[in-house]
Each structure stands twice: as C-alpha cells, then as structure tokens.
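Working notes, beginning with the structure itself.
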Amino acid sequence: MKLQQSVRLAALALTVIFSGPLFAEPQYKEMVTIPAGEFEMGCKPSDGVYCVPGTTPHKVYLKTYKIDKYMVTFDRFQACIDAGKCTKPFEGAACNYGEEFAGNHPANCITYKQAEDVCHFEGKRLPTEAEWAKAARGPKSTLYPWGNTPAPSCERVVMNDKGFDKLPGCGSGTTQPVGSKPEGASTYGVMDMAGNLFQWTSDWYSESYFGNSPYKNPKGPDYGEKKVLRGSGWTARYPDEIAMTVRFDYAPDGQGYVVGARCANDTN
C-alpha cells in the first residue's frame with residue numbers, strides 16, 4: 001500500500017511539473033527598466049572605429065523607461081497577425097517568415113509600420129534613437145554592449161566572423177534565435193543590440209540632428225523622409241559595422257532581411 005501511494009504521489013508530482021510554467025514556451029516579452037540619467041551619444045576619433053556622418057558626440061539625459069530585453073520574434077509577430085492587427089511580412093529570399101525554424105528568431109523583413117503595429121499590439125511603442133542607444137551602450141557609453149573590448153566575434157554577436165568563405169550568421173546563413181549570445185548582453189542585460197538584425201527606431205533621420213539635439217529626452221526631427229536604424233545585422237564582418245555608434249537612414253517602406261524591431265514603453 002505504501003509503495004502504491006508513493007508511486008501515485010510521484011506521478012502526480014511529474015504531472016504538476018510537466019504541465020506547469022517551468023516547461024512553457026518562452027514568449028520573449030520581458031522588458032528591462034533603464035534608469036534615468038545621462039550618457040553620451042555619437043562617435044569620436046578616439047573610439048577607434050569609423051564614425052559615420054551625422055554622429056556628432058553629445059550628452060543626453062533620459063528619464064526612466066523600459067525596453068524589450070529581446071527583439072520581436074516571429075512568434076510574437078504571428079500573434080499580432082492572428083489578432084488582425086499586423087500584416088504579414090515579406091517572404092522569400094533571406095526573409096524567414098513561414099520557415100519552420102523561425103518562431104524564436106527575430107522577425108525580419110518588416111516595414112516601419114509593421115514594427116509600429118506589433119509594438120502597439122503589445123501595448124508598447126518603438127524606442128527613440130536615444131533610448132535605443134542608452135540601452136545598448138550603458139551609462140558609460142561603451143563602444144559595444146559588453147564594453148570597449150574585446151572586438152566582436154561569434155562568441156558575443158550573430159555576425160560573419162569567418163570571412164568570405166563561410167556563411168554569415170556565425171555559419172548558419174541567417175539569423176539565430178533571440179538571446180542566443182548572452183555574452184553579448186548590454187550593461188542593462190538587453191540582448192542582441194549588436195548583430196542579428198538592425199532595429200527600427202521612431203526617429204526621423206537627419207545628418208545634422210546630433211549637432212542640435214535637445215539635452216533631455218530627444219525624440220528626433222519633427223519630420224523627414226527616412227527613419228533611423230540602429231544596431232547591425234547577421235551579415236556584418238567588421239568592428240566598424242558593429243559598433244554602437246553606427247546609425248543608418250532607411251525608407252519606412254523598406255523590408256530588408258537584416259531589419260527587425262524591439263519595443264519600448266514609458267514607466268508610468
């Protein structure tokens with residue numbers, strides 16, 4: 001009798017364990033709180049990398065905000081599609097929508113509006129360029145999310161560190177699951193700020209904006225033709241491409257296979 005009771009209890013315990021949240025599929029919706037404070041945006045010669053035009057060094061103060069720990073995955077994007085709030089991203093070529101492996105990969109080939117839509121669906125918004133930069137560089141404004149050294153490699157970044165005779169994406173030929181390079185996390189614990197995919201920000205692009213940016217909570221120019229992308233992609237080879245000083249202008253209707261998104265939110 002005691003043996004039978006022990007077996008029943010063990011079976012019950014296994015049922016609880018396997019049906020409980022311990023084995024639930026991760027949703028990757030976790031957000032990180034970035035505390036208020038000052039940091040430096042921009043690029044200067046002493047950083048040791050090529051400074052792209054429009055990256056004048058300047059101090060910025062941001063109030064407390066939240067940002068996604070992970071980029072928006074295809075699973076998260078599909079939930080928005082299923083709810084009728086998002087349209088399907090572009091398919092084919094190096095665009096991963098519909099691929100069997102894609103669920104926990106960052107959603108690529110999405111336009112600015114699609115990025116906005118998925119963030120709004122989750123009750124969030126796109127980050128400003130300044131918010132993105134602080135979450136990536138930390139209060140000490142480091143060159144890479146993990147610090148100023150060592151140089152980027154596949155130990156920390158989804159990139160192409162094998163040269164022209166190997167597949168990019170650390171040999172995979174595409175993106176890799178979000179959070180797959182924990183050693184590349186930023187000071188605040190935000191993942192994939194370098195590599196995997198470039199990410200949309202809410203700012204309009206202007207090459208002269210950094211030279212005239214407001215000190216507190218800048219939101220970019222009032223209008224423009226292109227939006228700002230930050231980060232780098234799975235095809236990047238060189239430290240200059242992966243430094244957190246890089247910024248690019250990109251048409252809002254663009255659907256690049258190295259373009260994705262992460263969301264942000266206010267704390268109140």
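The values are calculated or read from the model by the stated rules, or taken from the named source; none is laboratory data. The structure displayed is predicted, hence computed values, not measured ones. Cβ coordinates were reconstructed from backbone atoms using ideal geometry, including for glycine residues, and neighbour counts include every protein chain displayed.
What to note about this one:
- Of everything in region 93-120 that is surrounded by fewer than 19 Cβ atoms within 10 Å (Cβ to Cβ) and not acidic (Asp, Glu), the residue that is nearest to Met191 (Cα to Cα) is Gly103.
- Search result, residues across region 60-99 that are among the hydroxyl-bearing types (Ser, Thr, Tyr), within 16 Å of Gln255 (Cα to Cα) and under 16 Å from the mean Cα position of the chain (by Cα): Thr73
- Unique match (being over 18 Å from the mean Cα position of the chain (by Cα), more than 20 Å from Ile110 (Cα to Cα), modelled with pLDDT of 95 or more and not hydrophobic (A, V, I, L, M, F, W, C)) among Gly171, Gly211: Gly211
- Hits in region 232-243 - residues which are touching a Phe, Trp or Tyr at 6+ places or on another chain (Cβ under 6 Å) and assigned to a loop (DSSP other than H, G, I, E, B): Gly233
- Subset of region 49-106 [touching a helix residue (DSSP H, G or I) at 6+ places or on another chain (Cβ under 7 Å), in a loop (DSSP other than H, G, I, E, B), of a type in the set (Gly, Ala, Ser) and farther than 30 Å from Ser208 by Cα]: Ala83
- Only residues that are hydroxyl-bearing (Ser, Thr, Tyr), touching a strand residue (DSSP E or B) at 6+ places or on another chain (Cβ under 7 Å) and under 27 Å from Gln255 (Cβ atoms) were counted in region 203-213, giving 1.
- Checking each residue in region 244-255 for being at pLDDT 95 or above and either in a loop (DSSP other than H, G, I, E, B) or at positive phi (or both) picks out Met244, Thr245, Val246, Ala251, Pro252, Asp253, Gly254.
- Among the residues of this structure, Gly103 counts as one that is farther than 26 Å from Asp203 by Cβ and modelled with pLDDT of 95 or more.
- For Thr267, the conditions (1) within 27 Å of Pro106 (Cα to Cα); (2) at pLDDT 95 or above all hold with the exception of (2).
- For Lys59, the criteria (1) within 30 Å of Val118 (Cβ to Cβ); (2) loosely packed, with under 13 Cβ neighbours inside 10 Å; (3) at pLDDT 95 or above; (4) not small (Gly, Ala, Ser) hold in every case but one, which is (1).
- Of the residues examined, Gly123 is not one that is touching a strand residue (DSSP E or B) at 6+ places or on another chain (Cβ under 8 Å), in a helix (DSSP H, G or I), farther than 29 Å from Ser208 by Cα and of a type outside the set (Phe, Trp, Tyr).
- Among the conditions (1) part of a loop (DSSP other than H, G, I, E, B); (2) within 20 Å of Ala185 (Cβ to Cβ); (3) in contact with a helix residue (DSSP H, G or I) (Cβ under 7 Å, 6 or more places away or on another chain), the only one that Ser141 does not satisfy is (3).
- Total residues in region 166-184, condition part of a loop (DSSP other than H, G, I, E, B), small (Gly, Ala, Ser) and buried (at least 19 other Cβ atoms within 10 Å of the Cβ): 2
- Count of region 144-165 residues which are assigned to a strand (DSSP E or B) and of a type in the set (Val, Ile, Thr): 1
- Residue list for region 41-56, restricted to those being over 21 Å from the mean Cα position of the chain (by Cα), closer than 18 Å to Pro145 by Cα and in contact (Cβ under 8 Å) with a residue 40 or more places away in the chain: Asp47, Gly48, Val49, Tyr50, Cys51
- Of the residues Lys166, Lys113, Lys134, the single one that is among the basic types (Lys, Arg) and touching a strand residue (DSSP E or B) at 6+ places or on another chain (Cβ under 7 Å) is Lys134.
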